[in-house]
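Colleague: Below is the structure I would like to discuss, written out as structure tokens.
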Amino acid sequence: MLTNRIALCYAFASTFIFGAMFGFINSAQQIYLDVFHVGELFPLIFAGVAGVLALSNFLTRGSSARSACAACRKARCFSSSPSA
């Protein structure tokens, strides 16, 4: 995998996306309870945010894939010649 530039780009992108998601999941309760003082409404608000994220992911899946491929091409991930 380390010698395939396409796989390496997608692995790095996946790593950053999953890191951001787990960072949100791990800190959401503290932020909502301590900063916004939502108390008993936290599960509903958290589910609402998750639903909005899922819906936006569903709606933008085609355009984000095209822009990710463009970013990889710009970063020369799809170049068949080795970079110096």
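The values are calculated or read from the model by the stated rules, or taken from the named source; none is laboratory data. None of these values were measured; they are calculated from a predicted model. Here the Cβ is made from the backbone with ideal geometry for all residues, glycine too, and neighbour counts use every protein chain on show.
Colleague: Between residues in region 1-14 that are among the small types (Gly, Ala, Ser) and residues that are surrounded by 10 or more Cβ atoms within 10 Å (Cβ to Cβ), which pairs lie under 8 Å by C-beta distance while being six or more apart or on different chains?
Modeller: Ala13/Ala68
Per-residue answers, yes or no, for (1) of a type in the set (S, T, N, Q); (2) surrounded by 11 or more Cβ atoms within 10 Å (Cβ to Cβ); (3) not in a helix (DSSP H, G or I):
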| site | (1), (2), (3) |
| --- | --- |
| Leu2 | no, no, yes |
| Tyr10 | no, yes, no |
| Ser14 | yes, no, no |
| Gly19 | no, no, no |
| Gly23 | no, no, no |
| Asn26 | yes, no, no |
| Gln29 | yes, yes, no |
| Tyr32 | no, yes, no |
| His37 | no, no, yes |
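Colleague: Between a first residue in region 19-36 that is free of Cβ contacts under 8 Å to residues at least 12 places away in the same chain and a second residue that is surrounded by 13 or more Cβ atoms within 10 Å (Cβ to Cβ), which pairs have beta carbons less than 8 Å apart while being 6 or more apart in sequence or on different chains?
Modeller: Cβ pairs passing all conditions: Leu33/Phe42.
Colleague: Also, I was wondering about something else. Any idea which residue in region 41-84 is farthest from Ala13 (Cα to Cα), counting only those that are at pLDDT 95 or above and surrounded by fewer than 11 Cβ atoms within 10 Å (Cβ to Cβ)?
Modeller: Only one residue tops the list, namely Leu44.
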